[in-house]
Each structure stands twice: as C-alpha cells, then as structure tokens.
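This report concerns only the one structure given below.
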Amino acid sequence: MSISSRRSAVALAALTALLASGCSDGPDRPRPTPSSPAPSSAAPAPSDPPAADPAVRAAALAGTLSDEDLVGQVLMPYAYGSSATEVSAGSAAGNRALAGVDTPAEMVAKYRLGGVILVGFSADDPTSGNQATTNVDNPRQVRALTDGLRAAAGKLPAGAAPFLIGTDQEHGVVTRITDGVTLLPSPLAAGAAGNPALTEAAWRAAGAELAAMGINLDFAPVADVLATRSTVIGSRSFGANPATASPQVAGAVRGLQAEGVGAAVKHFPGHGLSAEDSHTELPVIKQSRAELDRLAFPPFRAGIGAGAMAVMSAHLDVKAVDPGTPATFSRKLLTDVLRGQLGFQGVVITDGMNMAPAKKWSPGEAAVRALNAGNDLILMPPNVNQAYDGLRAALKDGSLPRARLVEAVTRVLTMKFRLAGRDAPALSTLDGTAHRKAADDLAAAAVTVLRGTCGAVKGPVSVTSSGGRERTRKLLTEALTAAGVKVVPSGGTVVHLVGYGDGAKDLSAGAAVTVAMDTPYVLSGAKSPTLMATYSSTRASMTGLAAVLAGKARPAGRSPVPVSGLPATTCRT
C-alpha cells in the first residue's frame, strides 16, 4: 500500500471509530450552564459544515502524519529555560541531558512534540521534589515563552492544531505561577465555602489569566477525596465528602473551560485514599470496589459530566481492580473503568513519568505500557529521546498497535481543535479588579470558626506565626489595619498563624486565636479559646480573615474535613 493510501485508510478508520464512540458529542464536551457560557471552542451548531467539527478535523490530520509525527504528538515533556530559543548554559546542559538539544524550541522541533508542561515550585509545594527546573517567573516572561514554543510547533506537520502548553495551576500549595496573577484560595477553602457558583466564578477568572499567558491546559482541579490525612494531597482536595466535593470539581472545570483552558481532573482513581506519596513510592489503595464507587469516583464523574477535556491517571496500586499494577499502566482501570464504566471519551494523561513508580521501566518501555493501558499523553518522560525511540520501535515491531497510537493522537488533536479559535486576553487583565473580587468572595466565604467567638476580637491585635511566614503576617497586618483594627508589635489579642507542614510544635499556647492556613487538623491540639481556619494563605484569604476579626463579616465556612474533637463550625448562619 502506498503511503498516501495508508494515510487515507488510517484517517477513515480513526474517524469511523471516533464517530462510533460518540467522541464528537460525548460526555466530555462542555455544556452551557446558566452561570457559565460554553467556550467558544465548543462543538459547532448542526448547521455548520461537518469539516468544522474538531473530531473530524483531528481524524483527517492524524491520517496525514508520519510515524515520527504520530509519536511526537503523544509526548508532553518539560524543558529547561525561561525562553524558547535563548537559554543559559545551565539550561542548555539540562536540555541536552533530557533530550539531546539546547533549547525548548529545538526539543519541540526534533521530537514533533504535542505539547510542553511549564514547571516551577514554592517552598510549601508537596510536589517540589519532582521538579527538576523552574521556567516560570512572571506573566510577561511566560507569554513570551509560550509564544516562542507555539512558533516552533507551528512549523510542524501537525501545526494546524494548537500546541498544548500546560501547567499545574491548582491554587493553594501547588501554584506554578504566583507573581502578577490573581491567586485563588486553595481547593479546600472552596470546599469550606460550599458554594460551587463562587468556585466557578473564581476558576473562570483564573482560566482567563492562564489564557492570557498562552497556557491552554491546566492540570487541575484535583478530584481526590481527602479520605486520609495525606500531606501530598491535603488542601489540594476539595474535602473528605464526595457529595460536597463533586459540585466543586464540576464548578472548577466549567470555569476553566469557559475561558478556553482545558481542565485535567486528577489523580484517577483517587490519590486521597492513601497517605503515601506517589512521587517517591507506589501508594496502595486498599478500599473495596464498592468503596471506590461510593467514595473515590463521584468527583471524577462530576468533572466528566461538566465536560472535562482530560483526566490524569495516577501511580496507585488499586488492589480491588488490578492488584500490583499502577493505575497509570492498568488497562482495567483506564480502559475498562474510566472509559467503559465512567464514560470518559476525552484525553487521558499520565502523571509525571519521572516519578518513582513509573521509573520501574525504561522511559521507552514505560511510555509503551502507558499508551497500551489507555493513556493518550505521556507527561514528563525522564528522557525524551528514549521515550520517543521506544515508542517508534514498539510501533515498528507491533508491541504498540498502530490503531492504539492513532486513537491516542486523534483524541489529542480533537482536544487541541476544541481549544482553537480564541484570541488570548491581554496581559493587562491579569490581577484586575473583577478577578480579585472573584477570589475575595470565595476566600471570604471559606473562613471558619471551629471553636470560640464568631464576632470581632478585642483590639489591639498582634500577629504571630510559625517560622518562615513573614509574608503572610504582613498580609494579615495590612488587612487588619485596612479593616480598622489596631495592630501592635506584641501584646494585646494574639492571633497566631500556622500553615502547611506545621504540627503541635508550631502552636502558641498563649495565643487567643489560632488560625490554620492549610488543612485544619493541627487545630485539634491547639489551646487557644478561638480556633479558626482559612485553609489558605493568599492575600484574599487574609483579607477575609481580617474582615471576620474586625467584626465586619460573619464566618460562614464549614470545615470540609473532620477535625478530632471539633465541630465543622460553631457559627450558625
């Protein structure tokens, strides 16, 4: 068969399979809601020509791609350097070790990449050990970087489809871009607020800002139910109750995708069911299948129902379904359960393939295993060249069926075309008044009193904290002053702040008020007569806290996780 004949046959087979599975109008397509208009990249109206349908365009393009281009479209590595084309000597050395090239643009071109993930971390980030580099600094730099990456990708045979540029902008402790943007309170704070409409509005603001910086895929929201006291998930989760977490996940998905940013709900089938950290070990999920259906799956169902374009698979050993096989490499979980039973038809993305459980195999073998299990995008391979060559070799010897690769590429291209056709907002819109209000409203609704008075504290006030939280102390001091509360260097009513990673040793026995700015579990050992939680340390969260302490707002939040010996709230609204 000639090359052109084979490509035509591949396109026809891919298109037939997609239409039969309902990919063009399946449950992953965003749906209009009264509070959230559908993205402009949603499916065309029935009167539009069929060629405009993203799935049709994707299948046609997939049929024109060479083996090398097909393989490249399922790879989404990170790269070193804050620019696509000009990097430091250290970044060039990092790229050479990772992919045998000097710059991110050269990496895109050499491996015909489908996308790139931007990385960065902060001191309180539980995923920081998995980040080999940082290439985000400020919005203007990020936009220049994404423009450069797109310019490189536009020259590829698959260049008609928008290049994927993703990041983990979860808000809270995992927030890659922190300067010059609107910072939302953590997902756990949104769970405490308990108002999906506020969540959707805040995440819509966040989505608009990602789009302005040239980012079109957010590896968020976290759909893990916090069934254990997991430090790696913690306040990244919307809470311990799937019934209340599910509408929050759906709201975040709708908000992001209303602004043309794809949402990738994670970490399927549910990282919150184990306290172990999959960055360094393979967590074991011991719950029964019935418990998974009841506890872990509902938020993922909600995200899928809200139109999530992607789901991230997790490195988890789920004993009730496929014991001994990480979910990332489990066909039973990804193909039979996620697609077959939960009905997801969008893009399945691996968690970082540079994490310990995935490094059990070579980069090439791991990539092949992940695709054969049902993943469509391979995220952060530890060696791009080895992953690329391994996939090509498997395609040649038949251990990676061509139909599986074409299916994966067609799904990726379908998502890309669904994200196409929107002009990026101006950078000047970042951290604007409307976006700040959305964050403030959500943060204010989250403030919770778990013990003590629900009204104003007596002034003057002094603010103390556990170590390393000078920035947050300053934020609260400024917010209290703006609210009319006198703040003194010491004495008066002591308000003590604790946050991520803090324990009993970080509490202050003499404090009148102790405030938890991450998971609230530490409050069970606090002696303060008043115990409060904001679940987050952003400016918006400190402004909401100050309003309550000043008596200008009533704390309406409820703890979304159980805290030993304490109620969800002592304030009735």
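The values are calculated or read from the model by the stated rules, or taken from the named source; none is laboratory data. Bear in mind the structure is a predicted one, so any value in this text is a computation, not a measurement. Glycine also receives a Cβ, built like all others from the backbone with ideal geometry; neighbour counts cover every protein chain displayed. Side chains are part of the model used for accessible areas, which takes the heavy atoms of the whole protein and leaves out ligands, DNA and RNA. Shrake-Rupley method; radii C 1.70, N 1.55, O 1.52, S 1.80 Å.
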ALA393 touching a His at 6+ places or on another chain (Cβ under 9 Å) and either open to solvent by less than 30 Å² (accessible area, probe 1.4 Å) or on the phi < 0 side of the Ramachandran plot (or both)
no
If I ask for residues that are of a type in the set (Phe, Trp, Tyr) and either at positive phi or open to solvent by 20 Å² or more (accessible area, probe 1.4 Å) (or both), which ones from region 396-436 would you list?
none
Here are ASP502, ASP518: which of them is within 30 Å of the chain's Cα centre (by Cα), among the charged types (D, E, K, R) and buried (at least 24 other Cβ atoms within 10 Å of the Cβ)?
ASP518
Output the residues belonging to region 336-383 that are under 17 Å from LEU282 (Cα atoms) and outside any loop (DSSP other than H, G, I, E, B).
ALA356, PRO357, ALA358, LYS359, LYS360, ALA366, ARG369, ALA370
(1) polar (S, T, N, Q); (2) at pLDDT 95 or above; (3) touching a strand residue (DSSP E or B) at 6+ places or on another chain (Cβ under 6 Å): which one isn't true of SER274, the others all being true?
(2)
Hey, any hits in region 323-332 for a residue that's within 17 Å of GLY166 (Cα to Cα) and open to solvent by 10 Å² or more (accessible area, probe 1.4 Å)?
no
Within region 50-95, which residues are part of a helix (DSSP H, G or I), open to solvent by 20 Å² or more (accessible area, probe 1.4 Å) and within 20 Å of ALA387 (Cα to Cα)?
ASP67, GLU68, ALA93
Residue by residue through region 176-208, note down the ones that are crowded, with 24+ Cβ neighbours inside 10 Å, among the hydroxyl-bearing types (Ser, Thr, Tyr) and not in a helix (DSSP H, G or I).
THR182, SER186
Considering region 449-482 alone, what residues qualify as being part of a loop (DSSP other than H, G, I, E, B) and either more than 20 Å from SER528 (Cα to Cα) or in contact (Cβ under 8 Å) with a residue 40 or more places away in the chain (or both)?
GLY452, THR453, CYS454, GLY455, ALA456, VAL457, SER466, GLY468, ARG469
Residue ID - farthest from ARG140 (Cα to Cα), chosen from residues in region 168-183 that are among the β-branched types (Val, Ile, Thr) and touching a residue at least 60 places away in the same chain (Cβ under 8 Å):
VAL173
Can you list residue pairs whose Cβ atoms sit under 7 Å apart, with the first residue in region 389-408 being outside any helix (DSSP H, G or I) and the second being surrounded by fewer than 20 Cβ atoms within 10 Å (Cβ to Cβ)? Count only pairs 6 or more apart in sequence or on different chains.
LEU400/ASN372
Of the residues that make up region 252-270, is at least one open to solvent by less than 20 Å² (accessible area, probe 1.4 Å), modelled with pLDDT under 90 and among the polar types (S, T, N, Q)?
no
Checking the conditions here, which among ASP351, ASP317 is surrounded by 24 or more Cβ atoms within 10 Å (Cβ to Cβ) and at pLDDT below 95?
ASP351
Test GLY324 against the criterion of being touching an Asp or Glu at 6+ places or on another chain (Cβ under 7 Å), farther than 26 Å from PRO381 by Cβ and not in a helix (DSSP H, G or I), and give yes or no.
no
Residues within region 210-234 that are at pLDDT 95 or above, of a type outside the set (A, V, I, L, M, F, W, C), farther than 17 Å from GLY303 by Cα and touching a helix residue (DSSP H, G or I) at 6+ places or on another chain (Cβ under 7 Å), tallied:
1
